[in-house]
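> Below is the structure I would like to discuss, written out as structure tokens.
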Amino acid sequence: MPKTLIIITGPTGIGKTATGIRLANHLQTEIVSADSRQIFKELSIGTAVPTNEELELVKHHFIHSHSIHDNYNASRFETEGLRLLDCLFSKYNQVVMVGGSMLYIDAICNGIDSMPDADPEIRQSLKKQVETNGIESLRLQLKQLDPVYYNSVDLKNPARIIHALEMCLMTGKPYSTFRSNTKKERPFRILKIALNCDRDKLHNRINLRVDKMVEAGLENEAHNFYSLRNLNALNTVGYREFFSYFDGEIPRNKAIELIKRNSRRYARKQLTWFRKDAEVHWFEPNQTNEIIEFVESQIKS
RNA sequence: GGGAAGAUACCGAAGCGGUCAAACGGGGCAGACUGUAAAUCUGUUGGCUCAGCCUUCGUAGGUUCGAAUCCUGCUCUUCCCA
């Protein structure tokens, strides 16, 4: 029987966790999380990790498995994820991957070109350069070091330019030479399922979930990490807004409102990403039975 | 009961006779994306048979070649005096 990775994805708050657990339970297999924030052991409320009860139903991987102090990224997820999948596929014919981190899922499905980790000091100095001299100075530098990438990159996006420059400066080679633009082959089949529903309903779910997080003590959780706010792991919806509140920049109710808005925006962005993936099969969150049926029919063929 | 200010697109808010389908902000929607991705960035936001046309600036009239902008009545809101 061919090995199949079944991916359950979709926008934040749509109900991936519950669906994934039911599917994994049905298939008698385990779940690999593809969530760039639930992976951090220090974060719980703001990331909406599965509850202890849920975690007892099915064995989960990459939940609370790393530290916010780790310099985690999509490439590491690819490496560690594939290693784990290799191991799991020796026990199961199907494995369920659940999560909404688009790039992480993409890294597992298609791969990320190999290149070195960014040097934090170089990144820091490039960031400073943008602040003091503006993005134009980085553009000029990129034009010299990597004219190929310069012609295709979004020149208004500092993050893109900074990363390209990091690679150029660290390796002495143009960033574009690392970009192969090839899809890697995987030793398993991939079945992509995404959940979505009416936009108003989704927004309601998100708003409600944020209220529940706040009730559950999100403010306190965020407060615990206030001093670590500069960590990338904490540049996260739910925490950054509370940090602004702690700074006295915005009132508390405004922070909560912003968490809702930014969650809605994140959901939309996720949908934009998944929509362009023709391999995705779409379902409503309450169609778990249909999903199980669909998966059954697919893994038999 | 008397007086003052105001009613602008999904919301807030500019505009104060033509260059206004209407600045700006918010929200929404759409898109980009390969080591920060819950990140970072972009576009769009009255309708249509879309280089043009149609309907919009509380409402009904009026002035004017021409009004969101001026005048009058009405409705509503806020504030002040009784």
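> Does at least one position in the range A:169-181 carry a residue that is closer than 28 Å to A:Val95 by Cα and either of a type in the set (A, V, I, L, M, F, W, C) or modelled with pLDDT under 95 (or both)? Walk me through how you get there before you give the answer.
Taking the range A:169-181 and keeping what is closer than 28 Å to A:Val95 by Cα, we get A:181.
The next check asks that each one be either of a type in the set (A, V, I, L, M, F, W, C) or modelled with pLDDT under 95 (or both); those that pass are A:181.
Yes: one or more hits.
> Within the group A:Arg160, A:Arg123, which residue is more than 20 Å from the chain's Cα centre (by Cα) and open to solvent by 50 Å² or more (accessible area, probe 1.4 Å)?
Details: A:Arg160 fails: more than 20 Å from the chain's Cα centre (by Cα).
Step by step, each of A:Arg160, A:Arg123 is checked, and only A:Arg123 is more than 20 Å from the chain's Cα centre (by Cα) and open to solvent by 50 Å² or more (accessible area, probe 1.4 Å).
> Then there is this: Which one of A:Asn286, A:Asn230, A:Asn224, A:Asn207 is more than 9 Å from RNA strand B (Cβ to nearest atom) and in contact with a helix residue (DSSP H, G or I) (Cβ under 6 Å, 6 or more places away or on another chain)? Steps first, answer last, please.
Working: A:Asn286 fails: in contact with a helix residue (DSSP H, G or I) (Cβ under 6 Å, 6 or more places away or on another chain); A:Asn230 fails: in contact with a helix residue (DSSP H, G or I) (Cβ under 6 Å, 6 or more places away or on another chain); A:Asn224 fails: in contact with a helix residue (DSSP H, G or I) (Cβ under 6 Å, 6 or more places away or on another chain).
A:Asn207 is the lone residue from the list that is more than 9 Å from RNA strand B (Cβ to nearest atom) and in contact with a helix residue (DSSP H, G or I) (Cβ under 6 Å, 6 or more places away or on another chain).
> Still on this structure, I have one more. State which residue pairs qualify: first residue at negative phi and within 13 Å of RNA strand B (Cβ to nearest atom) and inside the range A:162-178, second residue open to solvent by 30 Å² or more (accessible area, probe 1.4 Å) and of a type in the set (Lys, Arg) in any location, beta carbons under 8 Å apart, and separation of 6 or more residues or different chains.
A:Ile162/A:Arg123; A:Ile162/A:Lys127; A:Glu166/A:Arg123; A:Met167/A:Lys173
> Ok, one more. Check the range A:22-37 and report whether any residue there is among the small types (Gly, Ala, Ser), farther than 18 Å from A:Glu279 by Cβ, over 13 Å from the mean Cα position of the chain (by Cα) and at pLDDT 95 or above. Break it down into steps so the answer makes sense when it comes.
Start the filter on the range A:22-37 by keeping residues that are among the small types (Gly, Ala, Ser), which leaves A:24, A:33-34, A:36.
Still in the list and also farther than 18 Å from A:Glu279 by Cβ: A:24, A:33, A:36.
Narrowing further to those that are over 13 Å from the mean Cα position of the chain (by Cα): A:24.
Still in the running and at pLDDT 95 or above: A:24.
There is at least one residue in the range A:22-37 that is among the small types (Gly, Ala, Ser), farther than 18 Å from A:Glu279 by Cβ, over 13 Å from the mean Cα position of the chain (by Cα) and at pLDDT 95 or above.
> Output the residues belonging to the range A:83-138 that are among the acidic types (Asp, Glu) and within 9 Å of RNA strand B (Cβ to nearest atom).
Within the range A:83-138, A:Asp106, A:Asp113, A:Asp117 meet the criteria.
> Continuing with this model, one more query. Go through the range A:200-301 and tell me which helices (runs of 4 or more DSSP H), entirely inside it, have 1 or more residues that are within 28 Å of A:Ile21 (Cα to Cα). Before you say what the answer is, go through the steps one by one.
Details: elements: A:218-224, A:240-246, A:252-275, A:288-300.
The qualifying helices (runs of 4 or more DSSP H) are A:218-224, A:252-275, A:288-300.
> Please indicate, with yes or no, whether at least one residue in the range A:21-32 is open to solvent by less than 30 Å² (accessible area, probe 1.4 Å) and in a loop (DSSP other than H, G, I, E, B).
As a first pass, look at the range A:21-32 and keep what is open to solvent by less than 30 Å² (accessible area, probe 1.4 Å): A:21, A:23-24, A:27, A:29-32.
Filter once more, keeping what is in a loop (DSSP other than H, G, I, E, B): A:29-30.
Yes, the range A:21-32 contains a residue that is open to solvent by less than 30 Å² (accessible area, probe 1.4 Å) and in a loop (DSSP other than H, G, I, E, B).
> Going by the structure shown, is A:Ile68 part of a loop (DSSP other than H, G, I, E, B) and open to solvent by less than 20 Å² (accessible area, probe 1.4 Å)?
Spelling it out, A:Ile68 is indeed part of a loop (DSSP other than H, G, I, E, B) and open to solvent by less than 20 Å² (accessible area, probe 1.4 Å).
> Taking the range A:142-157 only, how many residues are in contact with a helix residue (DSSP H, G or I) (Cβ under 8 Å, 6 or more places away or on another chain), in a helix (DSSP H, G or I) and open to solvent by 50 Å² or more (accessible area, probe 1.4 Å)?
Summing the residues that are in contact with a helix residue (DSSP H, G or I) (Cβ under 8 Å, 6 or more places away or on another chain), in a helix (DSSP H, G or I) and open to solvent by 50 Å² or more (accessible area, probe 1.4 Å) in the range A:142-157 gives 3.
The values are calculated or read from the model by the stated rules, or taken from the named source; none is laboratory data. All values reported here derive from a predicted model rather than from experimental measurement. Using ideal geometry, Cβ is built from the backbone for each residue, glycine included, and neighbour counts are taken over all protein chains shown. These accessible areas exclude ligands, DNA and RNA; they are computed on the full protein's heavy atoms, side chains included. Shrake-Rupley method; radii C 1.70, N 1.55, O 1.52, S 1.80 Å.
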